[in-house]
Every structure is written in structure tokens, then in C-alpha cells.
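The values are calculated or read from the model by the stated rules, or taken from the named source; none is laboratory data. Please read all numbers here as calculations on a predicted model, not as lab measurements. Every residue, glycine as well, gets a Cβ built from its backbone with ideal geometry; the counts of neighbours run over all protein chains shown.
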There are 2 protein chains.
Amino acid sequence: MLYALKEEIEQRIYKLKQLMEKSSLNGAFFHYKIDYFYLSGTMQDALLYVPLEEKPVLFVKREISRARRESPLEHIIPIRSIKEIIGHIKPEKRIGLQLDVLPYNDVMRFREIIGNNIEIADCSPLTKELRKYKSPFEIGIMEKAAAIAKKVYSHVAHILKEGMSEIEVGGLLEAYAKKHGHEGLLRVRSLNYEAYSWHILSGRTGSIVSQSDSPMGGLGLSPAFPVGASFKKIKRNEPILVDFGICYHGYQADQTRMYAIGSMPELYTEAYKACREIQYMVLDKALEGMISKDLFTYSIELAERLGYGDFYLGYRPHKVRFLGHGIGIELAEFPFIAATHDYPIEEGMVFAIEPKMVFPKQGACGIENTVLMEKGTYRILTDIDEDIVIL
Amino acid sequence: MLYALKEEIEQRIYKLKQLMEKSSLNGAFFHYKIDYFYLSGTMQDALLYVPLEEKPVLFVKREISRARRESPLEHIIPIRSIKEIIGHIKPEKRIGLQLDVLPYNDVMRFREIIGNNIEIADCSPLTKELRKYKSPFEIGIMEKAAAIAKKVYSHVAHILKEGMSEIEVGGLLEAYAKKHGHEGLLRVRSLNYEAYSWHILSGRTGSIVSQSDSPMGGLGLSPAFPVGASFKKIKRNEPILVDFGICYHGYQADQTRMYAIGSMPELYTEAYKACREIQYMVLDKALEGMISKDLFTYSIELAERLGYGDFYLGYRPHKVRFLGHGIGIELAEFPFIAATHDYPIEEGMVFAIEPKMVFPKQGACGIENTVLMEKGTYRILTDIDEDIVIL
């Protein structure tokens, strides 16, 4: 097991406090485990309190000995009920709560505990901002996630056979990935988000739009799980898209490659070539300092110039409005390469870039890589051969 | 694909309106997909509005044609932004929102859209109450989930071998289950809940407490996924607990059986016998009309009488306070067999009952079944041989 280093956690708390000061917060509570994991190193059932002027306190409901082993924080206190925190916190004027994820009822109950006269503000933007840049410690873990992905993709050829269903192929790949350390989920900050950590879409299912905000959706297994792999049998000579995300020690790597059994129809061979071209041309422009929304527009212009305007990132009216999403302990974090984001893609940022083409009632293809911006260059962490694999 | 019948959905809406009237609600919005799936039949990205005096309206963001195919509701309207609902709803005095799950910020934004002068109340208790009783349609689906579980358990013997890791065994079983229709998740109404739909715990990992409120926790794969199966290798002559939940068309079946390679140590053979005895004695008392919290206390008395007081439902201070949980489209719904619930277990209710014993630093064993209360009797839906399997 890899535990967060003391210096790493101290650095994050230090930077958080700088942002808290800017936001005039005297303290901030982190109820959501993604963020208290980031700030403490543990995902045990806990609540993290960071007072501006003092050391953070982690209140742990279950299980205290594991939390103490996993977190380098000094003040880790066992509690049975949330009310017990009162003896340990000072009354503050203005505090942060994670209002973007914490349910309304929970906020109301928590305010009664800490005092209704305290002003509250949303502190989630602070951790989102911090997490925009990855530390060498984090990049090290993401490299390991990418290495697991590489193993998984080289295993596809051992599993994928004509006549298997999409869910069967995905299930076996998932078992293989888990055996090698994949934690099985990709975390997304959204009440109703649900999907497997992977998509296996073949032929026409690649063109099926689902509830999820992504270029491809898939048919899913039932109206109660209407996204991703289905019982459709995989055939010869159709595009098979393998978008298989990995999570290792909480950190994700996201990537997509294309397969076919027999041969790949020319439509997809050509479109995939365009996807690769768009990927590299956008990455070059990102290096030159072009800001996010302009990168997005530039990619659309490229797709149009290459003759794929109608299919790029989905077909109308189902086109999605992003080409890339930051990735780390969440699947959709800063930076985004999207129509409404206006910042440059800077050193230390990690994001997945995924130019994809969807042909209505036919199928889909595309590429995806997890990319780290370094000083004056970029590095594709998901170092997996990009050629179409024909089985 | 199995779609919800029109009469089924109409019946649910009819009963919901009765509860709305009792709660003085003029209308209710369902943002959380578990509940709008229950009331509409679709899990597409949508928002359901149920006015007390008129027919329900389903607003669909993505994807409208699938929502129309899946839901028998009459009024299904495509929207791009939530603001578009305004033209379609009448101003009401007091409306329900799902305040137990909807994030604080979302509630605030939504109030601005519908008007800040409208009184709001939590409408989640209404669907929770409705979902306490299952219809024949729902029971039919749960029987299918249980049939998949039966297949999975009979497949364990083909997979489980000495020297495999827990995660390897679980991953392969999961792949097999998905191939046969398991949707891969068990839904729980909680911000921070995360676990696989299954536990494979062997020997000492069965005694490891985790962040989750269950008798057993497991080691997990890392501090970022500290629950369930681990990389621990499975050995001969130790208890192997297989708690493998299934989800089919949204409906779950939950069950646990015990395995060993070589032989099962007597400690667990005997403790497992006690678990089975407790299960059946509690079910008999439930039939006699004993209320939930008394069933729970009765089970503790039984465990003590059988000499397992220190190990039943965990060891101190980590004992859990429930023996059973209602099950349906969520893993933890009404009815609970728990210390704080005071109602009888009635006809039409479905719940998982799980007497389990945990021996500190040694291991765990237990049984679990999904049970339907029928008129004057009960029926174990998870009809899987209960004997310990020795491989």
C-alpha cells in the first residue's frame, strides 16, 4: 500500500489555507470523501476540519486505526456521532462547506450543530482549484495507473472473439484489470452519474446516444442501466471501441483504442486517422499557450477541414461540448478543453483528450490519451500503441 | 429489455399522490434517478414533476427517444436546460424536492427557477414509504436477479483455487455474473458510499473492519478503495465468505454463502450453524408479527444463548445495529431489521437477512438471503443450497 507522504499533505493544506484566506474563510469542513482523501490521505468514514489559523483535525467515525495508519495528519480524533465535533472546534465567523455535493438536509442539520449564526460558503471550488495541478507524487501514481492500462490493452487480443457480447468482453477485461490493481471505478462529482469504468462498443452500439454527457453512450443492459456495454454480439469487420479507464490508488488514467476482427471498414480507418491528427495538432497548440476554449474551437475547425464536421464529438443534436477533461482522483476535473473554459493548459496539469467521431446508425471511433503538461512539452502517460489492432 | 408496464407506473403515481395529499404537497419534483426510475420507468437524464391535480410530466435532457420508449408516461418533454420547465408547470404553494440527496447548491438554484416564495419540503420519505412494498411485477424481476445469483454461486467451484487473490476470484465471478445480466452495482442512497456489489473475504480479511457500516469490511486495494476484496491470496483450510449481490433491471438480490478449500475450521462450521439457526428463528418470529426492533433484540439474545454474543454482527466496538435491510432498487431501503425500527415485517416486503459472526484477528462467517414476505408465510428468493461448500 502506498500512503500519502506527510510533506505532500502539508503542502496541500498550506495551499488550501492560502485559498481560504483569499475567500475570507475562517475554516472549512470537508464531508465528501474525494476531497478529504486529497487533504488527509484516508478514505475512512470521516470529516475533515481545516481551521485557517490552526492545524487540521480529522474526525473519524469508522475505522480509526486505519485512518491513523493512512493519514499523516497529527490530529485524528474518533467520534461516534457528528455532534461530538463541537468540543473540538472554535466558533468561527464564516466557514466553508461542500455545498456542491452535500445534500440540502445534511447542510441544514450540520448548521444546527455548528450554530445557525455562522455564515456558510461553498469550499469545493478551493479543492477543485488545487487539484488542477498535479504534484510529482500524484504523477507517479498516475504513471502506475497508465502502466496497468497498457497491460489491459495488450490483453484485449487474448480475450476478444467474434460472437462474444460486449458485456462479456468488458467483464473479462475488467477482471484482468482488477487483478492488476484497477480499483474498478472512475469517480465523478455528480448525483446521477453512473457508468462502468470502461466502454466496449461495437458497430452500431457506438452510435447510440445515452443519458451520459459523452460522445458515445451505448445501449447498456436494461432501462435501469442504459449506458455502456450491451448484450450485442461482436461481429467481424466492424469497429470495436475500447475506452477502458483505470483507477489505481484513487488516481485515474483514461484511454481509448480501436480494434476489429477481420478488417476495419475504411470509414473508420480514415476517421480514426483524423482523430489522431486532431489530437496531436491540439496538443501542439496547447503547448503554444492557446487557451482552452480556443483549443476546442480549433479542434472543430480541424474536424470540419478534414471533412468530419457532422460526426466530430457526436452528431447533431447530441454533440458534446468538450474535447478533453482534467483527470486525477476525479474523471472530470480541471482543466477542461471545452467551449466555456478560458484558461491556458499549463505545466503540471493532467487531462484526457478524446477526439471521437460518431456516425449515426453506424458506429463510432476515436482515440483518447491521458496527457501531462511538462515544462515546454507534453508527455502522453498512456503510452500504448495507437495503431488500430486487427485480430 | 423489460419495460415498466403502464398500469404499474400508474399505480405507483396514484399511491404517491395519496401520500402527497397527506403531506400537503401540491406537487413534487424527482431529480434523483433512483426515484424517477421508480415512478417513470426510465433512467435517462431527466426530471420528473408530479403535480397533485394533474398528470406527471417527465422533462428529458438526454436522451428523449430512449425515454419515450422506456417510460409509459404520457407527457414526456425534451429540454436542453432546466430553466425550460417553467413554461410547463403551474405555480404551486408547497412542493416536494428530494432534499435528502439533492445537493444544497442545486436546491438553491432550483428554487430560483421555480420561485423563492414557494415552500419546499422533502419528498423522498414518500417514495421510500411506497417502495417498502413490492408489486408482483417487481417480485418477478427480483426472482430473475436471484436466479442469476444462483448461477453465480454454482460457478464459484469452477473459479476458486488456492493461491488466487480475493480480487482475482471476485473479478472473474463478476465477469460471469455480468455476462448473465448482472448490472454490476448495488445502489445505496448515500453521498460517500462505495463498494463492489460483492465481497470475497478469506481468513483474516473477514475480520478487518472498514469504513462501511457492515459487519465485515475487508482490506480493499488501497487507501483510496479501502473496502472489500484485497490482494490477499486464498489459502487452504480457511473460511471464504462470498457475499455476492446481483442487480438485474435495477432490482437486487443479496446473499452470502461459505466456502473452504480442503476443510473448514470447526470454529466457522459451528458459528455458521448458529447463523442459519438465527436466520430461521427470526423469520418465524417475523411471521408471528414481531416488530422490527424486537426481531433485532431477539436475534441478539439467540446469539448470546448460542455462545456467540461477542462475535454476532461484528465485535465490539464495531458491531453493526442491523440484522436485515430492505432491498429492491436500493440496497438499504425499508424495511430494516434494526434497533431503531418499530414496525412489523408485512406481506409484500422484501429484505435481506444476514446473521454473521466476526472473530477478531481471525475471520468471519455468515449467511444471507433475500426474503419475500407472503400471506402467512415467507419465501426465500435466493434459493441456493445453504450448506458450506468444501472444494
task: Test A:ILE167 against the criterion of being free of Cβ contacts under 8 Å to residues at least 40 places away in the same chain, within 14 Å of another protein chain (Cβ to nearest Cβ), touching a Lys or Arg at 6+ places or on another chain (Cβ under 8 Å) and of a type in the set (Val, Ile, Thr), and give yes or no.
output: no
task: Could you tell me which numbered condition B:SER202 fails, if it satisfies all but one of (1) under 13 Å from B:GLY245 (Cβ atoms); (2) more than 8 Å from chain A (Cβ to nearest Cβ)?
output: (1)
task: Could you list, in sequence order, all residues of the stretch A:266-320 that are crowded, with 18+ Cβ neighbours inside 10 Å, within 15 Å of A:GLU368 (Cβ to Cβ) and without any contact (Cβ under 8 Å) to a residue 60 or more places away in the chain?
output: A:SER299, A:TYR312
query: Would you call B:GLN252 crowded, with 20+ Cβ neighbours inside 10 Å, within 14 Å of chain A (Cβ to nearest Cβ) and out of contact with any Ser or Thr (no Cβ under 6 Å at 6 or more places or on another chain)?
result: yes
query: From the list B:GLU162, B:GLU174, which one is farther than 17 Å from B:THR370 by Cβ and either aromatic (Phe, Trp, Tyr) or more than 22 Å from the chain's Cα centre (by Cα) (or both)?
result: B:GLU162
query: Listed residues B:MET20, B:MET43; which is buried (at least 20 other Cβ atoms within 10 Å of the Cβ), more than 14 Å from chain A (Cβ to nearest Cβ) and touching a helix residue (DSSP H, G or I) at 6+ places or on another chain (Cβ under 8 Å)?
result: B:MET20
- prompt: Can you name the number of the only condition in (1) farther than 24 Å from B:GLY363 by Cα; (2) within 10 Å of chain A (Cβ to nearest Cβ) that B:LEU172 fails?
  reply: (1)
- request: Considering every residue within the stretch B:259-279, establish whether at least one is farther than 23 Å from B:ALA338 by Cα and either under 23 Å from the mean Cα position of the chain (by Cα) or not assigned by TED's automatic domain parsing to the domain that holds B:SER154 (or both).
  value: no
- prompt: So which of A:HIS75, A:HIS31 ends up being at negative phi, within 14 Å of chain B (Cβ to nearest Cβ) and surrounded by fewer than 23 Cβ atoms within 10 Å (Cβ to Cβ)?
  reply: A:HIS31
Leading residue by the ranking (nearest to the other protein chains (Cβ to nearest Cβ)) among those in the stretch B:84-98 that are surrounded by 11 or more Cβ atoms within 10 Å (Cβ to Cβ) and over 33 Å from the mean Cα position of the chain (by Cα): B:GLU84
- request: Test each condition in (1) modelled with pLDDT of 95 or more; (2) within 14 Å of chain B (Cβ to nearest Cβ) for A:LYS55 and report the one that comes out false.
  value: (2)
statement: Inside the stretch B:109-128, the number of residues satisfying the requirement of being of a type outside the set (Ser, Thr, Tyr) and surrounded by 14 or more Cβ atoms within 10 Å (Cβ to Cβ) is 12
message: Of everything in the stretch B:1-17, what is hydrophobic (A, V, I, L, M, F, W, C) and either away from every other protein chain (no Cβ under 14 Å) or over 30 Å from A:LEU221 (Cβ atoms) (or both)? Give them in sequence order.
response: B:ILE13, B:LEU16
task: Would you check if there is a residue in the stretch A:226-249 being among the aromatic types (Phe, Trp, Tyr), crowded, with 24+ Cβ neighbours inside 10 Å and either within 18 Å of B:GLY181 (Cβ to Cβ) or at pLDDT below 95 (or both)?
output: no
- request: Please tell me if B:ASP387 is within 27 Å of B:SER154 (Cβ to Cβ) and assigned to a loop (DSSP other than H, G, I, E, B).
  value: yes
message: Going residue by residue through the stretch B:99-107, is there one that turns out to be at the interface with another protein chain (Cβ under 9 Å from one of its Cβ atoms), in contact with an Asp or Glu (Cβ under 7 Å, 6 or more places away or on another chain) and in a strand (DSSP E or B)?
response: yes
- prompt: Can you tell me which residues in the stretch B:108-123 are at the interface with another protein chain (Cβ under 9 Å from one of its Cβ atoms) and within 30 Å of B:TYR251 (Cβ to Cβ)?
  reply: B:ASP122
- prompt: For A:LEU185, all conditions in the list (1) closer than 22 Å to A:LEU372 by Cα; (2) in contact with a helix residue (DSSP H, G or I) (Cβ under 8 Å, 6 or more places away or on another chain); (3) within 11 Å of another protein chain (Cβ to nearest Cβ) hold save one; what is the number of the exception?
  reply: (2)
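Conditions (1) modelled with pLDDT under 95; (2) surrounded by 15 or more Cβ atoms within 10 Å (Cβ to Cβ); (3) more than 17 Å from B:GLU270 (Cα to Cα); (4) polar (S, T, N, Q), marked per residue:
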| position | (1), (2), (3), (4) |
| --- | --- |
| B:PRO344 | no, yes, yes, no |
| B:LYS361 | no, no, yes, no |
| B:ALA364 | no, yes, no, no |
| B:ASN369 | no, yes, yes, yes |
| B:GLU374 | no, no, yes, no |
| B:TYR378 | no, yes, yes, no |
| B:ASP387 | no, no, no, no |
- line: Taking the stretch A:35-88 and keeping only residues that are more than 13 Å from B:GLN211 (Cα to Cα), in contact with a strand residue (DSSP E or B) (Cβ under 9 Å, 6 or more places away or on another chain) and small (Gly, Ala, Ser), one is left with A:SER40, A:SER71, A:SER81
statement: (1) part of a loop (DSSP other than H, G, I, E, B); (2) in contact (Cβ under 8 Å) with a residue 60 or more places away in the chain all hold for A:ASN116 apart from (2)
query: Here are some conditions: (1) within 26 Å of B:ASP387 (Cα to Cα); (2) at pLDDT 95 or above. B:MET216 meets all but one. Which one does it not meet?
result: (2)
Residues within the stretch A:203-213 that are out of contact with any Ser or Thr (no Cβ under 9 Å at 6 or more places or on another chain) and either aromatic (Phe, Trp, Tyr) or under 17 Å from A:GLN362 (Cα atoms) (or both), tallied: 5
query: Could you list, in sequence order, the residues of the stretch B:58-71 that are away from chain A (no Cβ under 11 Å) and either among the β-branched types (Val, Ile, Thr) or crowded, with 18+ Cβ neighbours inside 10 Å (or both)?
result: B:LEU58, B:PHE59
query: Going by the structure shown, is A:LEU331 in contact with a His (Cβ under 9 Å, 6 or more places away or on another chain), in contact (Cβ under 8 Å) with a residue 60 or more places away in the chain, buried (at least 21 other Cβ atoms within 10 Å of the Cβ) and farther than 23 Å from A:THR377 by Cβ?
result: yes
